[in-house]
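Heads up, the thing below is written out as structure tokens.
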Amino acid sequence: MKMKLSFRWYGDTDPVSLKYISQIPGMRSIVSAVYDVKPGEVWPEEALKAMKEQCESNGLVFDVVESIPVHEDIKLGKPDADRLLDVYCENIRRCAKYGVKCVTYNFMPVFDWTRTQLDKEAKDGSTSLVMYWEQMKGLDPLKDDIHLPGLDSSYTQEEVRELISAYGEIGEEGLWKNLERFLKKVIPVAEECGVRMAIHPDDPPYPIFGLPRIITCEENLDRMLSIVDSPANSLCLCTGSLGCAESNDVPKMVEKYAKADRIAFMHIRNVKILEDGSFEERAHLSSCGSLDIYKIVKALADNDFDGYVRPDHGRMIWGETGKPGYGLFDRALGAAYINGLFEACEKEKESN
Ligand code: CS2
Ligand code: MN
């Protein structure tokens, strides 16, 4: 198979072991990061070296980083953005030195993915992450405990309030301007050290709490890719994130960007969009959600995709406990399914 199968691992505190990950058929790469360093600080080389060695001793390759977080002051274009961009570039160089080929990041203001519940029980007793408008409506990020994993829990409410109003002032075009500045600085460095930068779409791909969101749809992905026209400026195409807006035709987007060689990393998972636009994370299988995963994989195989692929969030099944979305069992099932689809699509392509 041409694609490189990968799995996200949160380091030594992850209840899922590298040994178990290595037992998943076809597993190749580990997707990880240095987690105990704040955004805007340099990653210690010892941590990267240890990660590389640990993966190798389990027969795995550490060659994908998810994520090097982008400091809010870069996204807001604050006066210390230049210094923070230098730190960002230094982190890319350090990752490359220890074998990393792909660096994932996102440009979402304040919050990473947004859900209203992390353990919603389905009829079969499995649990998954969901976003229900019913639960969302009454929520106020300044007051309530919302599950916002991207929100640095060290922020005080006062700081969150200030951040939200600062983003309100710059708006979408201000965010675009700061993304442009980021890309023009970072992509040449990535090119120099053989790294592909992979931007993760906003999740969900529409404004939340009035914050601007720009990595949301085909038009905006085109705009982002054209800022620096280089394979080092690529996408982490997350099917589940783009797929929770009905207006996104995900298989078509995969086809288009795979053909143009602008996908460095694929996150494959399924979501079910409900009538009111709410969504539930589901098992990977096409028939379990709103996305046609077969069509998505076929678009990749037809275009000889040789980048990284990982099963994204899984449900909690078989009594497993752990980090919501990141258990072993359902992601391993996802990996097996992805392998099967790739094998079928690639063999079919060869025989034609
Ligand atoms: C997402 C994000 O793909 C995912 O698991 O839940 O947390 C993602 O890791 C970041 O947005 C990438 O920067
Ligand atoms: Mn994702």
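Rule-based calculations on the coordinates, nothing more; no lab input. Since the model is a prediction, treat every value here as computed from it, not as a measurement. Note that each Cβ is placed from the backbone with ideal geometry, even for glycine, and that neighbours are counted across all protein chains shown.
Assorted remarks:
- Neighbour counting of Cβ atoms within 10 Å sorts the residues Ile170, Ile199, Ile21, fewest neighbours leading, into Ile170, Ile21, Ile199.
- Selection from Val195, Ser290, Ala336 lying farthest towards where the dipole of the chain points positive, charges on Cβ: Ala336
- Rounded, prolate or oblate (a/c below 1.5 giving rounded, otherwise prolate when a/b exceeds b/c) for the range 205-352 by Cα gyration tensor: oblate
- Annotation: amide H of Arg115 within the under-5 Å range of His147, sequence separation 5 or more or interchain, hydrogens built in the peptide plane.
- Shape of the chain, Cα gyration tensor, a/c cut at 1.5: rounded
- Base-10 log of normalised Debye intensity for the range 28-157 (one unit scatterer per alpha-carbon) at q = 0.17 Å⁻¹: -1.00
- Build a GNM of the chain with springs between Cα atoms under 10 Å apart, and of Thr239, Thr104, Thr13 the one that fluctuates most is Thr13.
- Remark on Ile263: its backbone amide H falls under 5 Å from those of Leu235, a criterion applied only to residues 5 or more positions apart or on other chains, H modelled at 1.01 Å from N.
- The chain, dipole about Cα centre (Lys/Arg Cβ +1, Asp/Glu Cβ -1), debye to the nearest 20: 820 debye
- Paramagnetic reach from Met1 in the range 25-62 [backbone N under 14 Å; point 7 Å along Cα→Cβ]: 25-30
- Amide H partners (placed H, <5 Å) of His200, local residues excluded: Tyr105, Asn106, Phe107, Cys236
- Residue order, fewest to most beta carbons within 10 Å, for Glu158, Glu72: Glu158, Glu72
- Checking the cross-link pairs Lys75/Lys295; Lys52/Lys349; Lys185/Lys272; Lys52/Lys185; Lys256/Lys347; Lys256/Lys323 against a 30 Å limit on the alpha carbon distance flags Lys75/Lys295; Lys52/Lys349; Lys185/Lys272; Lys256/Lys323 as lying beyond it.
- The largest-to-smallest principal axis extents of the Cα set in the range 1-90 are 48, 28, 21 Å.
- By the beta-carbon count within 10 Å of each Cβ, the least crowded to most crowded order of Cys102, Cys288, Cys236, fewest first, is Cys288, Cys102, Cys236.
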